[in-house]
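The values are calculated or read from the model by the stated rules, or taken from the named source; none is laboratory data. Since we're looking at a predicted model, the values are computed, not measured. Ideal geometry is used to build each Cβ from the backbone, glycine not excepted, and the neighbour counts take in all protein chains shown. Areas reflect the complete protein model, heavy atoms only, side chains present, ligands, DNA and RNA absent. Shrake-Rupley method; radii C 1.70, N 1.55, O 1.52, S 1.80 Å.
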Amino acid sequence: QVQLVESGGGLVQAGGSLRLSCAASGRIFRIDDMGWYGQAPGKQRELVATITSGGTTSYADSVKGRFTISRDNAKNTVYLQMNNLKPEDTAVYYCIADIRVRILGGSKDYWGQGTQVTVSS
């Protein structure tokens, strides 16, 4: 059984920072791409940042220069450092990981439970 557990969300004032963590556990052969999505009230879930197994990163334009995604492969963990937070960043953030549980076969998407980030004006 594979599960992703998120932590680090909370309430902060505009301009503040948070660091989200997402740790994968269970039977894992390899974790490929990992990423973070954000879902604001009344909106669809949108991709925020991704990172490959080799460390190549990609960001949504709205967070470039403010957010940093990283990973610790030894801990099967992905992080999202969120700096200079804005009220429009308020959302539930979900981590995602493409995981292969066997040597043969393709990867499967696994999702974290979501963590609330609220940024006040």
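Residue count for segment 44-95 under the criterion of being open to solvent by 20 Å² or more (accessible area, probe 1.4 Å), aliphatic (A, V, I, L, M) and within 19 Å of Ile28 (Cα to Cα): the result is 1. Give the residues of segment 44-64 that are free of Cβ contacts under 8 Å to residues at least 12 places away in the same chain and assigned to a loop (DSSP other than H, G, I, E, B), sorted by residue number. Within segment 44-64, Gln44, Gly54, Thr56, Lys64 qualify. The residue that is modelled with the highest pLDDT, counting only those in segment 96-114 that are open to solvent by 80 Å² or more (accessible area, probe 1.4 Å) and part of a loop (DSSP other than H, G, I, E, B), is Gln113.
Being under 14 Å from Trp36 (Cα atoms) and either touching an Asp or Glu at 6+ places or on another chain (Cβ under 6 Å) or among the charged types (D, E, K, R) (or both) is the filter here; which residues of segment 78-95 pass it? Correct list: Asp89, Cys95. Pairs linking a residue in segment 17-33 that is under 30 Å from Ser121 (Cα atoms) to a residue that is of a type in the set (D, E, K, R), with Cβ atoms under 9 Å and 6 or more positions apart or on different chains, are Leu20/Glu6; Ser21/Glu6; Cys22/Glu6. Can you report the number of residues in segment 2-43 which are at pLDDT below 95, under 14 Å from Ala97 (Cβ atoms) and open to solvent by 60 Å² or more (accessible area, probe 1.4 Å)? Of the residues in that region, 3 qualify. Is one or more of the residues making up segment 75-94 assigned to a strand (DSSP E or B), small (Gly, Ala, Ser), touching a strand residue (DSSP E or B) at 6+ places or on another chain (Cβ under 6 Å) and farther than 17 Å from Val12 by Cα? Checking segment 75-94: not a single residue is assigned to a strand (DSSP E or B), small (Gly, Ala, Ser), touching a strand residue (DSSP E or B) at 6+ places or on another chain (Cβ under 6 Å) and farther than 17 Å from Val12 by Cα.
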